[in-house]
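Read through the structure below, which is laid out as structure tokens, and then see the notes.
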């Protein structure tokens, strides 16, 4: 089975970080390829964008910015794409001038073949309180290398992702995270079937699901799904 990616959206390395942030928000995208004359220098994703926002460094040129190393593959076979993502710890690879992401991989997998429950994949989430400053949340994301954090204080208020901070790049970082969090949270019990959860995530175009029980707040992300699929569903 082959995975079809999407046309690369690229910017010149002489463009500024602030320009890339504006472009990402306007086009609702999570990554831009930095290239010149068909030479790919790197990928500027929400991770790198968050780094520059939190460090108040949005006036740098992309050629001087923090970039993700581009992983270029020679095959778009599902197994090879998935393996490359896991080995290189990346959410995207480039094949034949197209970019392939976690979402592209997940949508190609037949999840009905799995009898697993979502609780088998979930792990304890790092959460923040609704009054936590946006800057603090961004720092926690960078430190722990995560993109999604539940907003919780005795009960679940919402969820925030690195994308939410990046798309609000011009906001006062001293404001509370409640100003930009998403209040409509997709949450399920540990006994929900993996197939049902993934189908809903694909339909809603979301990158994580909160898994709850009487004691813990847990989370499953696209990265967890790709890792599970490589071990259990891709042959």
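Summary table below
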{"read-out": "Residue among 40, 126, 29 that is outside the structural domain of residue 142 (by TED's automatic domain parsing), in a loop (DSSP other than H, G, I, E, B) and without any contact (Cβ under 8 Å) to a residue 60 or more places away in the chain", "value": "29"}
{"read-out": "Test: residue in the stretch 76-85 that is in a loop (DSSP other than H, G, I, E, B), outside the structural domain of residue 192 (by TED's automatic domain parsing) and either closer than 30 Å to residue 170 by Cβ or touching a strand residue (DSSP E or B) at 6+ places or on another chain (Cβ under 9 Å) (or both)", "value": "yes"}
{"read-out": "Selection status of residue 137, in contact with a strand residue (DSSP E or B) (Cβ under 6 Å, 6 or more places away or on another chain) and surrounded by 17 or more Cβ atoms within 10 Å (Cβ to Cβ)", "value": "yes"}
{"read-out": "Members of the stretch 154-176 found to be closer than 27 Å to residue 225 by Cα and either touching a residue at least 40 places away in the same chain (Cβ under 8 Å) or loosely packed, with under 14 Cβ neighbours inside 10 Å (or both), listed by number", "value": "155, 156, 159, 161, 162, 163, 165, 166, 167"}
{"read-out": "Selection within the stretch 63-77 - touching a residue at least 40 places away in the same chain (Cβ under 8 Å) and out of contact with any helix residue (DSSP H, G or I) (no Cβ under 6 Å at 6 or more places or on another chain)", "value": "63, 76, 77"}
{"read-out": "Counted residues, the stretch 71-95 - those being under 25 Å from residue 11 (Cα atoms), over 16 Å from the mean Cα position of the chain (by Cα) and crowded, with 17+ Cβ neighbours inside 10 Å", "value": "7"}
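The values are calculated or read from the model by the stated rules, or taken from the named source; none is laboratory data. Small disclaimer: the values here were computed from a predicted structure and weren't measured. Cβ: placed from backbone, ideal geometry, glycine included. Neighbour counts: every protein chain shown.
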